[in-house]
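To keep things clear, I will list the structure first and then write my remarks on it.
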Amino acid sequence: MSSEEGYVKHRVDNLLGTIEFFHPRSNSLPGNILSKLAQTIEELGQNENVRVILVKSAGDRAFCAGASFDELVAVSNFEEGKEFFSGFARVINAMRKCPKFIIGRVQGKAVGGGVGLASSVDYCFATKHSAIKLSELAIGIGPFVVGPAVERKIGTSAMSALTIDAQSWRSANWALEKGLYANISESTEEMDEGITELVSRLTQSNPEAMEALKKVFWEGTDHWDDLLQKRAALSGKMVLSDFTRNAISAFKSGKR
């Protein structure tokens, strides 16, 4: 995977496994990046030299722009659509089932699937620039796959507000108040200092206790393997509609 196509890379240092993803289009998430993200989370979750995982994106402006519009437009049948959205399902389920705490680093705006990623980590750091938006309805679909993760984190009312008002940004402070973010910093430097401090404490904590707590935090989600696949099928069907194709094309051309 070349840097022009985006990448997912990781490293392990002092019991911390760091996963970084990048795509030149505001860190959007095409299928190859989604697949590699899920695989890497699963691998680090089983790595005995890792006690805590940090998920971050490259750059200093956008955390994640969500689904790749290029791939959405290219979907030509139901199976392709279901497979694309299944990529988000696999990442969320990999985070859910990972036996290690996952820390999120959100340095900038998060849209759609990016909000889903931020909702699926166990503790999320952000900066004041990290506004969020669930834009799916504006392009003719809905946040069906990421919805359970978002709703679990911020509640049905807040998730409904994000979903219905699909073209409005919500501030980082709003996301903090609703529980999506656990910590907001004025700058990336301040955020990274906070991450370093927390990670230092967690890597010295009892791994058995952290694994048991992780299971407690995610109680009641054992059915998500099946649920998120059903949601992926729903999205895969919807993305084929003329309404959605026209809406995506309008977004890509800057007309909406």
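The values are calculated or read from the model by the stated rules, or taken from the named source; none is laboratory data. Computed from a predicted structure; not experimentally measured. Using ideal geometry, Cβ is built from the backbone for each residue, glycine included, and neighbour counts are taken over all protein chains shown.
Given the residues SER130, SER120, SER135, which is the only one that is at pLDDT below 95 and either out of contact with any Leu (no Cβ under 7 Å at 6 or more places or on another chain) or over 24 Å from MET238 (Cβ atoms) (or both)? Break it down stepwise before answering.
Values: SER130 fails: at pLDDT below 95; SER120 fails: at pLDDT below 95.
None of the other options fit; the residue is SER135.
Scan region 23-38 residue by residue and report those that are surrounded by fewer than 17 Cβ atoms within 10 Å (Cβ to Cβ) and either part of a strand (DSSP E or B) or free of Cβ contacts under 8 Å to residues at least 24 places away in the same chain (or both).
Answer for region 23-38, where residues must be surrounded by fewer than 17 Cβ atoms within 10 Å (Cβ to Cβ) and either part of a strand (DSSP E or B) or free of Cβ contacts under 8 Å to residues at least 24 places away in the same chain (or both): just PRO24.
If I ask for residues that are part of a helix (DSSP H, G or I) and either more than 22 Å from ASN14 (Cβ to Cβ) or touching a residue at least 40 places away in the same chain (Cβ under 8 Å) (or both), which ones from region 175-189 would you list?
If the condition is that a residue be part of a helix (DSSP H, G or I) and either more than 22 Å from ASN14 (Cβ to Cβ) or touching a residue at least 40 places away in the same chain (Cβ under 8 Å) (or both), then ALA175, LEU176, GLU177, LYS178, THR188 are the ones that fit.
Within region 197-238, take every residue that is of a type in the set (Ser, Thr, Tyr) and under 21 Å from the mean Cα position of the chain (by Cα) and give me the one that is nearest to VAL50 (Cα to Cα).
Checked region 197-238; the qualifying residue nearest to VAL50 (Cα to Cα) is THR221.
Looking for something touching a residue at least 24 places away in the same chain (Cβ under 8 Å), of a type in the set (Phe, Trp, Tyr), farther than 22 Å from ILE103 by Cβ and surrounded by fewer than 18 Cβ atoms within 10 Å (Cβ to Cβ) - is there at least one such residue anywhere in region 202-219?
Checked against the condition, which is being touching a residue at least 24 places away in the same chain (Cβ under 8 Å), of a type in the set (Phe, Trp, Tyr), farther than 22 Å from ILE103 by Cβ and surrounded by fewer than 18 Cβ atoms within 10 Å (Cβ to Cβ), region 202-219 yields no hits at all.
Tell me, yes or no, whether region 138-155 has at least one residue that is surrounded by 22 or more Cβ atoms within 10 Å (Cβ to Cβ), among the hydrophobic types (A, V, I, L, M, F, W, C), part of a loop (DSSP other than H, G, I, E, B) and modelled with pLDDT under 95.
Yes - at least one qualifying residue is present in region 138-155.
For region 59-77, which positions are closer than 15 Å to TYR7 by Cα and either of a type in the set (Ser, Thr, Tyr) or over 14 Å from the mean Cα position of the chain (by Cα) (or both)?
Across region 59-77, the qualifying residues are GLY59, SER68.
Mind counting the residues in region 156-168 that are surrounded by fewer than 23 Cβ atoms within 10 Å (Cβ to Cβ) and within 17 Å of the chain's Cα centre (by Cα)?
1
What residue, among those in region 56-75 that are in a strand (DSSP E or B) and touching a Lys or Arg at 6+ places or on another chain (Cβ under 7 Å), is surrounded by the most Cβ atoms within 10 Å (Cβ to Cβ)?
The qualifying residue surrounded by the most Cβ atoms within 10 Å (Cβ to Cβ) is PHE63.
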